[in-house]
Amino acid sequence: MPGTDAFAEDGNDLAGLEAGLDALETAPRTRRPIRRTLTGTVLPPVVAVALVLAVWQGLVSFGIVDDPAKLPAPADVWHVLRDAWLKGELLGYIWTSASRGLLGFLLALAIGTPLGLLVARVRFVRAAISPLLSGLQSLPSVAWVPPAVIWLGLNNRMMYAVVLLGAVPSIANGLVSGVDQVPPLFERAGRTMGATGLRGTWHITLPAALPGYVAGLQQGWAFSWRSLMAAEIIASFPDLGVGLGQLLENGRNASDTAMVFEAIVLILVVGIAIDLLIFSPLERWVLRSRGLLVGN
């Protein structure tokens, strides 16, 4: 019968489509070749750093900037870094700032996450707090240092307060943005299966909002690190130890440009290292789990 034949043909097409989709989902994932990783991931930043160093050395060698007090040669900065390493001071500079920055960021994460959920879920709270969070996010971190010193004094609590004020708005706004992008269908499906209240938030809303949340975390870390450097530069005190911001300020006070560039290089290295070791893998995992980073 014609109708039966058409029905059978449609069934065969659907079966073929399902088989193709199953094959795509179960396709074995091959490890990325080491050569491709080196050329696609490692080589570009190495080339970029080499070009920056070449331009920097060229400015010095060709006399475009012939005053070492304004621009030291890369070798001079290397010697300062090497001396600090041999004296056992280099890791101390890095640890003082990195430990403060990471602890302050974790505190900001503990405050910004529930605050973001509250703003995203309660309409009255969003109307009251969301403009304030956006305003705080655009406020320069350095503006918080003087009041924090007046309120808390020259101590680590002041450092953490500045970091919190710089990072919490970014984390909260990132989570609000992620929650706003969750399709309503997900939440309706969750309610149908009994995932309501905190269970729905934990099992449905937060996983679906991860891309925006991770972006907020990355921005929150950047604000944490910048806020901490501003606090260390302005609120220097011997009992606080010498962090990277304090090292930068010491170089300025001594008119030692090589020390200033040493601090700048270390600030960049630590900030980039934290991003590469923590946030970039987290972002790749989130994208891969949603099928947006196939083959990487």
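The values are calculated or read from the model by the stated rules, or taken from the named source; none is laboratory data. Quantities reported herein were computed from a predicted structural model and do not represent experimental measurements. Every residue, glycine as well, gets a Cβ built from its backbone with ideal geometry; the counts of neighbours run over all protein chains shown.
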Going by the structure shown, is Leu91 touching a Phe, Trp or Tyr at 6+ places or on another chain (Cβ under 9 Å), loosely packed, with under 13 Cβ neighbours inside 10 Å and free of Cβ contacts under 8 Å to residues at least 12 places away in the same chain?
-> yes
Which numbered condition trips up Gln246, out of (1) touching a Leu at 6+ places or on another chain (Cβ under 8 Å); (2) over 12 Å from Ser97 (Cα atoms); (3) of a type outside the set (D, E, K, R)?
-> (2)
State all residues of the range 160-185 that are more than 18 Å from the chain's Cα centre (by Cα) and either exposed (fewer than 15 other Cβ atoms within 10 Å of the Cβ) or under 13 Å from Phe223 (Cα atoms) (or both); if no residue qualifies, say none.
-> Ala161, Asp180, Gln181, Pro183, Pro184, Leu185
Return the pairs, sorted by first residue and then second, in which the second residue is among the basic types (Lys, Arg), the first residue lies in the range 71-87 and is surrounded by 14 or more Cβ atoms within 10 Å (Cβ to Cβ), the beta carbons are less than 8 Å apart, and the residues are 6+ apart or on different chains.
-> none
For the range 182-193, pairs from a residue that is assigned by TED's automatic domain parsing to the domain that holds Ala208 to a residue that is assigned to a helix (DSSP H, G or I) and among the hydroxyl-bearing types (Ser, Thr, Tyr), with Cβ under 9 Å and 6 or more apart or across chains, are Val182/Thr205; Phe186/Thr205; Glu187/Thr205; Gly190/Thr205
